[in-house]
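Derivation of every value follows stated rules applied to the coordinates shown; laboratory data play no part. None of these values were measured; they are calculated from a predicted model. Ideal geometry is used to build each Cβ from the backbone, glycine not excepted, and the neighbour counts take in all protein chains shown.
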Amino acid sequence: MACPKQHLRLPDEKRQICGTGQSQEVPVSRGQDRLDGQLQGIDIRLHREDTGRHGRGVPVDLGQGEAAGPGQGEPVDPGQGEAAGPGQGEAASPGQGEAGRFCPADYRLDPAVFAAKPQCRCDTLYVAGGLYGNRWAVDSLLRLIEGDPAKNARLAVNGDAHWFDTDPETFKAIEEKLSGAFLLAGNVEAELRRRGEVGAGCGCAYPAEVEPGIVDRSNRIHRKLKATYQGLPTLHPRFDERPFALLAQVGGVSVAVVHGDERMLAGWGCSHEALGQAVRQHELQEWMAAHNIGVLATSHTCAPAALGMSGVGEPPQASSTRPEEAEREASEKAEEEASKEAKEEASLPRQLSGEVPSRPFDVTEAIINNGAAGMPNFGLPGQGLVTRVSLTKHPQALYRAQLATTPPVFVEAVPLEYDQESFLAWFDKQWPRLSPASVSYRTRIADGTGKSPHEAIIKGFSLLV
Ligand SMILES: [Fe+2]
């Protein structure tokens, strides 16, 4: 189970954050003074100010002596004010931030999307964020959906469909293959289609803890990708149309699909580390209850996470103890809960298929981050991960939550096996040794992450493998 104090150092070559990065607009709540975490092998320690407004966006002090934030000087409050446009036009004054380190102001999501009627109603919805230009993963995804036990499954691609595909043929092929999907913009697409210059670089909004080399390589990858994009003007109208969010309905459940979090395109509020925080959990429960949303499906952080909860309870009490003690207490409580859940899992009878039945209790809210569809998330190379929300179960799901609805709706993480040999050969051709993408990503692509599916589960999901 996730532990917010977990610090796992990977070899230097693995110490990278996906090129889609994290927002400096980390949703932080009152009383949450520090978040320690780890993403893709990088220790993260975010210090932040408390504006005294519960659940609102807070300017984040990332330890560089200056407040980070979109607009550079006027922090965006994602929970207030009018939403900006979909990132197609001019945004904040350019050149005032470090490329790849901040969220442009127009990354704010329009909250009206979540109050509108669903744009998609179906019995099965796949959500695939972070295909990263891996066309073999795209092919596998389409085959997976075509072969789904539930017919007429729909697909939402929630951003960062492109990244490594700097050759125009692959870029175009991916667009063509995904033409039948609901296509959302990620920060990669938002910065590809941006006209003018705001200095956001890749749009990853890396926190200060991420070493500069990673950020620099990410910006260089995006510059090269943008040159490809600019050579394909016939595709531009398609990109301009791409929204930041989708509201779907599966059975009786509203499903919000975003790229980062519920407030910012490159928000980091749905990272594994953030979702492990009690205050953040309560904040999401409140937001989901207010919008009558049962499932929040996201991506962006490049590391999978799954959280199931049951109703809005009392808000976490402000602690009078020191932050270190509060952290220790929270960690011990999380470990205690994890141990309790593991015992409950072990006591469940196994079916002949080897599948562990759904937990004896249902959840009312599920937040699921598929990590990367086009790169490994766990120990196995050649295996991406996608989210599936459905009235039926998928036999290959790695973990699952069941929503307490009639009929029940299942939220699952399904592995996406792709042609690793072809992908790696193509990757090496596109990005030779010492190129920015090779330095940042090749080890992960070739060897996997070394993690296992159970590490993605925070609580409320059943491990099926
Ligand atoms: Fe992203």
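Sort out for me the Cα centre separation of segment 422-436 from segment 189-210, rounded to whole Å. Distance between centres, Cα-based: 23 Å.
For segment 107-196, rounded, prolate or oblate, judged on the Cα gyration tensor with a ≥ b ≥ c (square roots of eigenvalues), a/c < 1.5 rounded, else prolate if a/b > b/c? Cα axes put segment 107-196 in the oblate bin.
Which residues in segment 246-276 place their backbone N less than 19 Å from a point set 7 Å from the Cα of Glu286 along the Cα-to-Cβ direction? Of the residues in segment 246-276, 261-264, 268-271, 274-276 have backbone N under 19 Å from the label point off Glu286.
Taking a spot 7 Å from the Cα of Asp139 along the direction of its beta carbon, which residues of segment 157-177 have an amide N less than 20 Å from it? Only 161-177 fall inside the zone, counting backbone N under 20 Å. Extension gain, Thr234-Asp167: 0.36 nm per intervening residue step, less the Cα-Cα distance, totals 22.5 nm.
Rounded to the nearest 5, what % of DSSP beta bridges with both residues in segment 157-297 are antiparallel?
55
For the peptides 182-193, 385-396, residues were scored by their other Cβ atoms within 10 Å and the scores averaged per peptide; the highest-first order is 182-193, 385-396. Measure up Lys177/Lys226; Lys117/Lys224; Lys177/Lys429; Lys117/Lys172 against 27 Å on the Cα-Cα distance and list the ones that go over. Lys117/Lys224; Lys117/Lys172, as the Cα separations exceed 27 Å there.
First check a/c for segment 181-286, with a ≥ b ≥ c the square roots of the eigenvalues of its C-alpha gyration tensor; if it is under 1.5, answer rounded, and if not, answer prolate when a/b is larger than b/c or oblate otherwise.
Numbers: a/c = 3.09, a/b = 1.28, b/c = 2.41.
It is oblate, given that a/c is not under 1.5 and a/b is not larger than b/c.
The calculated FRET efficiency for Ala404 paired with Ala150, based on their beta-carbon distance and R0 = 22 Å, is about 0.65.
When the square roots of the Cα gyration tensor eigenvalues are ordered a ≥ b ≥ c, the ratio a/c for segment 238-319 is 1.5 or more and a/b does not exceed b/c, which makes its shape oblate.
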